[in-house]
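One structure is given below, encoded as structure tokens.
Readers should treat all values here as calculations from the given coordinates under stated rules, not as data from a laboratory. Note that this is a predicted model, so its numbers are computed, not measured. Counting neighbours? That spans all protein chains shown, and the Cβs are built from the backbone with ideal geometry, glycine included.
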Amino acid sequence: MKVQEIIHEDQEREFPNPVPFNQSKVYDVFDLADEVEGELVSLYKQEHGIDEFVSGREYGKAAKIQRQKYGKIADIPINNITSSESHLYKPQVDALVSGAQIKTSSDIPILYKVGNEYIVGDGNHRVTAELLKGNKSVKALVLDLSELSKQLKIENKE
């Protein structure tokens, strides 16, 4: 089953996310995540002798490769996670809770770690489904933005 079979573009996100959401925190973390990802993609271009990507798809592929290279897979307690979406598509959450295989943008959720906090970069529906199934943690790809920003010499504006 694909996401497109579950969700229609005109469908509203009306299901309140039970995973806590903090808009200002999310914006700050996403600003830093954008800077880190931009630097990681620049490294990819240098490593592969690429001047420019010919498409957004190529950029996305490079970003995915770099996330996998610099991130770590870990089980993260759900109570340490902040959602980046306040409301979700209920049919998608229900499908995930029931175990349906749906198309997702990443194999496992992507979490951005800043200090001791984790913000969902991708996978809000999957994190919520794990919570609703009664699981206490979720397996995710964790990008430690605090550490990566130091390695990449990005000034953290927090």
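Numerical summary
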read-out	value
Fraction of antiparallel bridges per DSSP, the chain only, in percent to nearest 5	65 percent
Kirkwood Rh, angstrom, the stretch 91-131 [1 / mean 1/r, Cα pairs]	10.9 Å
In the stretch 36-111, the GluC sites (Glu not before Pro) that fall in loop regions by DSSP, at most 14 other Cβ within 10 Å	Glu52
Normalised convex hull volume, the chain, alpha-carbon set, Å³ per residue	123 Å³
Sequence-separation-based contact order of the chain, relative, with Cα cut under 8 Å and 6+ spacing, percent	33 percent
Nitroxide proxy distance, nm - points 7 Å out along Cα→Cβ at Asn80 and Arg57	3.8 nm
For Asp122, distant residues with modelled amide H under 5 Å away	Ile110
Which of Arg13, Arg57 has the fewest Cβ neighbours within 10 Å, and the rest in rising order	Arg57, Arg13
Residue-averaged [θ]222 nm for the chain, counting only DSSP H segments that reach four residues, each worth -39500 (n - 2.57)	-13500 deg cm²/dmol
